[in-house]
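Please read the structure below before turning to the comments.
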Amino acid sequence: GAAGRRVGVGAAVAGLAAVGDARRLADLALSICPPEGGTVRLTEHLPEALVVSSRELGTRLTERVLGPLLRLEPADRDVLLDTLAAWFASEGSAQRAGERLYCHRNTVLNRLRRCEQLIGRSLARPLDVVEISLALTARRLLRG
């Protein structure tokens, strides 16, 4: 597609009665599309759709989970949030996160420990990982 073109693809529906639902889901997919353009198929981005479908809950989740990080000085906050995001994008690999961030894996591990201490959650507990991941997603998608 053309640069900057944004496309949201919802789910297939059966019958005219469901066209309104299909449109709502396509609009939801479109709201997840990055500003620089692209195509988002809703079925491939359900966690993101869940977060943006309730702006109020997404905002509350972000504050509840990431609040202590968000209240740090901007430079410190951004480094820690970028480290968390890189760790998730690297599927939990400190080594690969370090490569993305141009720092040593031990630096990544130290930053992650600091994040855990500040937010009172552990990246070793599955429920905490889900909450942190959704909160990061909400923060990214619901800004502005």
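The values are calculated or read from the model by the stated rules, or taken from the named source; none is laboratory data. In this text, all values refer to a predicted model and were calculated from it rather than measured experimentally. Ideal geometry is used to build each Cβ from the backbone, glycine not excepted, and the neighbour counts take in all protein chains shown. Surface accessibility is based on the protein's heavy atoms, side chains included, excluding ligands, DNA and RNA. Shrake-Rupley method; radii C 1.70, N 1.55, O 1.52, S 1.80 Å.
Residues are listed down the side, and each one gets a yes or a no for (1) within 28 Å of ALA11 (Cβ to Cβ); (2) touching a His at 6+ places or on another chain (Cβ under 7 Å); (3) open to solvent by 30 Å² or more (accessible area, probe 1.4 Å); (4) in contact (Cβ under 8 Å) with a residue 40 or more places away in the chain:
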{"position": "GLU48", "(1), (2), (3), (4)": "yes, no, yes, yes"}
{"position": "GLY67", "(1), (2), (3), (4)": "no, no, no, yes"}
{"position": "ASN106", "(1), (2), (3), (4)": "no, no, yes, no"}
{"position": "ARG113", "(1), (2), (3), (4)": "no, no, yes, no"}
{"position": "ALA124", "(1), (2), (3), (4)": "no, no, yes, no"}
Among (1) within 16 Å of the chain's Cα centre (by Cα); (2) within 23 Å of ARG114 (Cα to Cα), LEU72 falls short only on (1)
| said: When you check LEU25 against the structure, is it aliphatic (A, V, I, L, M), open to solvent by 20 Å² or more (accessible area, probe 1.4 Å), in contact (Cβ under 8 Å) with a residue 12 or more places away in the chain and not in a helix (DSSP H, G or I), yes or no? | reply: no
Checklist entry - Mind checking whether some residue in the stretch 80-102 is over 15 Å from ARG139 (Cβ atoms), at pLDDT below 90 and in contact with a helix residue (DSSP H, G or I) (Cβ under 9 Å, 6 or more places away or on another chain)? => result no
Flag if ASP78 is farther than 21 Å from ALA135 by Cα and either out of contact with any Pro (no Cβ under 8 Å at 6 or more places or on another chain) or outside any loop (DSSP other than H, G, I, E, B) (or both):
no
Would you be able to say whether some residue in the stretch 54-62 is open to solvent by less than 40 Å² (accessible area, probe 1.4 Å), part of a helix (DSSP H, G or I), polar (S, T, N, Q) and within 30 Å of VAL13 (Cβ to Cβ)? no
Filtering the stretch 126-144 down to residues that are exposed (fewer than 14 other Cβ atoms within 10 Å of the Cβ) and not in a loop (DSSP other than H, G, I, E, B) yields PRO126, LEU127, VAL130
